[in-house]
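The values are calculated or read from the model by the stated rules, or taken from the named source; none is laboratory data. No experiment lies behind these values; they were computed from the predicted model shown. Don't worry about glycine lacking a Cβ; one is built from the backbone with ideal geometry, like all the others, and counts go over all protein chains shown.
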């Protein structure tokens, strides 16, 4: 299993893949776009009123998280175990905290770093979706990463129409930063 660290000033993302090396080539494009996106994610987190105050109060200087790329079999197994659904899905998030609700991250901050959880992205589903949306695979992977990241923060589009709109607007804002730089989109 290949582990790749992608860092910025206040973010550390550990990417792993359980896919064969032939199928693992996609990560170069994803990595290049993620490197450009992380500073915007940092800016959002520490500027966002509710979460930013909690990070400062808990002396969090850096956020870390895991991103795991997998195939249909693994994502279907996780979807069945944790959501009771028998089908593969594009992305699953496993937050360690609800950053929007919890006041303290007891035991979670180590030397100023807070691990917020893990995201699993299914390459097979992402590939199908990229073709269906007529976008590149790396663009679709970035979209799924941002979607999963927002779930790690405590956003959930399935609980209400209001929350769904909020989450969509945050996705558009973060992905829009890359589009303005010409790093995503056609």
**Q.** Among (1) in contact with a helix residue (DSSP H, G or I) (Cβ under 6 Å, 6 or more places away or on another chain); (2) closer than 22 Å to residue 38 by Cα; (3) free of Cβ contacts under 8 Å to residues at least 12 places away in the same chain - the single one residue 91 does not satisfy
**A.** (3)
Q | Checklist (1) surrounded by fewer than 20 Cβ atoms within 10 Å (Cβ to Cβ); (2) at pLDDT below 90; (3) in contact with a strand residue (DSSP E or B) (Cβ under 9 Å, 6 or more places away or on another chain) applied to residue 115, failing item | A | (2)
Q) Quick one: would you say residue 159 is surrounded by fewer than 22 Cβ atoms within 10 Å (Cβ to Cβ) and either under 24 Å from residue 16 (Cβ atoms) or out of contact with any helix residue (DSSP H, G or I) (no Cβ under 9 Å at 6 or more places or on another chain) (or both)? A) yes
Q) For the subset of segment 125-156 comprising residues that are under 16 Å from residue 29 (Cα atoms) and in contact with a strand residue (DSSP E or B) (Cβ under 7 Å, 6 or more places away or on another chain), which member is surrounded by the most Cβ atoms within 10 Å (Cβ to Cβ)? A) 141
(Q) With the condition being under 16 Å from residue 67 (Cα atoms) and in contact (Cβ under 8 Å) with a residue 60 or more places away in the chain, I'd like the helices (runs of 4 or more DSSP H) fully within segment 111-186 carrying at least 2 qualifying residues. (A) 137-153
Q.
Restricting to segment 13-49, count the residues that are touching a helix residue (DSSP H, G or I) at 6+ places or on another chain (Cβ under 7 Å), modelled with pLDDT under 75 and assigned to a helix (DSSP H, G or I).
A. 0
Q.
List pairs: first residue in segment 46-64 and under 22 Å from residue 14 (Cα atoms), second residue part of a helix (DSSP H, G or I) and modelled with pLDDT under 80 anywhere in the structure, Cβ distance under 6 angstrom, at least six positions apart or on different chains.
A. 46/52
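May I ask you to verify whether residue 64 is in contact with a strand residue (DSSP E or B) (Cβ under 6 Å, 6 or more places away or on another chain), surrounded by fewer than 18 Cβ atoms within 10 Å (Cβ to Cβ) and in a strand (DSSP E or B)?
Answer is yes for this residue.
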Q | Test result for residue 58, more than 19 Å from residue 170 (Cα to Cα), buried (at least 16 other Cβ atoms within 10 Å of the Cβ) and modelled with pLDDT under 85 | A | yes
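Residue-by-condition table, conditions (1) closer than 30 Å to residue 55 by Cα; (2) part of a strand (DSSP E or B):
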{"residue": "74", "(1), (2)": "no, no"}
{"residue": "78", "(1), (2)": "yes, no"}
{"residue": "81", "(1), (2)": "no, no"}
{"residue": "86", "(1), (2)": "no, no"}
{"residue": "89", "(1), (2)": "no, no"}
{"residue": "94", "(1), (2)": "yes, yes"}
{"residue": "98", "(1), (2)": "yes, no"}
{"residue": "102", "(1), (2)": "yes, no"}
